[in-house]
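The values are calculated or read from the model by the stated rules, or taken from the named source; none is laboratory data. Please read all numbers here as calculations on a predicted model, not as lab measurements. Backbone-built Cβ (ideal geometry, glycine too); neighbour counts: all protein chains shown. Surface accessibility is based on the protein's heavy atoms, side chains included, excluding ligands, DNA and RNA. Shrake-Rupley method; radii C 1.70, N 1.55, O 1.52, S 1.80 Å.
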Amino acid sequence: MLPTQSDYENLHLFQIIDVKTKKYNKKLIDYFEEKKTFFKLSIILDIPIVFVLSMFGTLHFKTPWWSFFLYFIIIFIISFFIICLPVYASLTKSIKEQEKKLFQEIDEHLSELANQNYFSKDSKAKRLLNQEFELVKVQPLSSKNINQILNNKNLSSQRIDFYDKKNNSIYKRKIIFFENRPLKPVALATINLLGKDKSLSIQVQIPIEYELVHGLVSEQLVYFDKNNYYVNPIIYIDTQHFYELYQDK
């Protein structure tokens with residue numbers, strides 16, 4: 001309930017794709033300054049009430065003069081929760097609505113970039129074959145578990161960690177974007193990748209679209225690579241191998 005500067009996860013996606021967010025950051029800072037002003041105002045409105053009650057307690061109970069400060073502290077602590085915070089919440093209600101509209105504006109901006117194929121534009125198409133990766137396990141994953149921008153399936157994202165199996169440390173982190181993809185079907189695949197030692201020493205759990213192909217000679221992992229992130233990963237799996245790897249837990 002105390003004044004804090006709001007943050008929005010999807011706002012940080014702009015930094016990854018090298019799009020400026022100055023206007024969004026400025027609005028969030030302005031909202032934060034307004035919150036601080038309203039917080040101070042709620043305390044200012046409460047102090048006269050606390051002062052009167054403290055004076056009344058001192059005179060009514062005929063206690064020493066210094067007890068006024070004791071009454072003041074106790075009454076202020078109580079009134080902070082029953083007066084200040086409710087007043088502050090009421091004053092900042094409109095700000096919270098403005099923040100929600102700003103977050104929606106951010107999502108709309110991201111979705112518009114997806115409509116322009118901004119995420120995959122000028123990216124490198126990558127294709128890994130069997131000898132370059134190992135599919136360890138496939139599990140069901142609902143698209144609800146992926147950050148869907150505006151829930152319109154126009155753009156989704158997910159942060160993933162690559163682990164070094166030898167020491168279980170994070171090797172690197174990447175963001176995956178699903179640009180203009182229906183995300184059907186989507187699975188959580190556990191995959192081993194080549195490390196610096198040219199062995200399959202890097203493991204990652206990645207939400208990924210998949211397509212079953214009967215009698216596929218070489219399974220393939222296809223995606224777009226663009227500096228700090230990957231776009232539209234999809235894996236082509238032999239039908240029989242899929243049933244061997246698929247785990248419903």
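For region 95-236, treating each Cα as an identical point scatterer without solvent, what Debye log10 I(q)/I(0) comes out at q = 0.15, 0.17, 0.20 1/Å? Debye intensities relative to I(0), on a log10 scale: -0.80, -0.99, -1.27. Phi angles of region 219-228 translate, via the Karplus equation with coefficients 6.51, -1.76, 1.60 and θ = phi - 60°, into HN-Hα couplings of 5, 9, 10, 10, 7, 9, 10, 9, 6, 8 Hz per residue; Gly and Pro are given as x. Rounded to the nearest Hz, the phi-derived 3J(HN,Hα) couplings of region 76-91 under the Karplus curve 6.51 cos²θ - 1.76 cosθ + 1.60 (θ = phi - 60°) are 5, 4, 5, 5, 4, 7, 9, 10, 4, 5, x, 5, 4, 4, 5, 5, where x marks glycine and proline. Each semi-axis of the equivalent ellipsoid for the chain is √(5λ) with λ an eigenvalue of the Cα gyration tensor; in descending order they amount to 56, 21, 16 Å.
Can you give me the Kirkwood hydrodynamic radius for region 176-249, using every pair of distinct Cα atoms, in Å to one decimal? Computed over region 176-249, the radius equals 13.5 Å.
Counting only protein heavy atoms and a probe of 1.4 Å, the accessible surface of region 28-136 is 68% carbon and sulfur.
Which residue, chosen from Q5, Y24, I43, occupies the Cα position most advanced towards the positive end of the dipole of region 1-51, where the dipole is computed from +1 (Lys, Arg) and -1 (Asp, Glu) charges on Cβ about the Cα centre? The Cα lying farthest towards the positive end belongs to Y24. Summarising the label geometry, the points placed 7 Å from Cα in the beta-carbon direction at N147 and H12 lie 0.7 nm from one another.
Ranked from largest, the principal axis spans of the Cα set of region 139-211 equal 41, 22, 16 Å. Averaged per residue, what accessible area in Å² does region 176-217 show with a 1.4 Å probe, protein chains only? Result: 47 Å² per residue. Compared with the dominant Cα axis of the chain, that is its longest principal axis, helix 22-60 is turned about 30°. Simple spin-label estimate for K184 and V222 gives 2.0 nm between the two label positions (7 Å along the Cα-to-Cβ direction from each Cα).
Bridge orientation summary for region 171-249: considering DSSP beta bridges with both residues in this region, about 65 percent are antiparallel.
Taking 15 Å as the cut-off, the amide N atoms of region 167-192 that come nearer than this to a point 7 Å along the Cα-to-beta-carbon line of E132 belong to 192. For Q220, the amide hydrogen comes within under 5 Å of the amide hydrogens of Y236, counting only partners 5 or more places away or on other chains and with H modelled in the peptide plane. Among beta bridges from DSSP that stay inside the chain, the antiparallel ones total about 80%.
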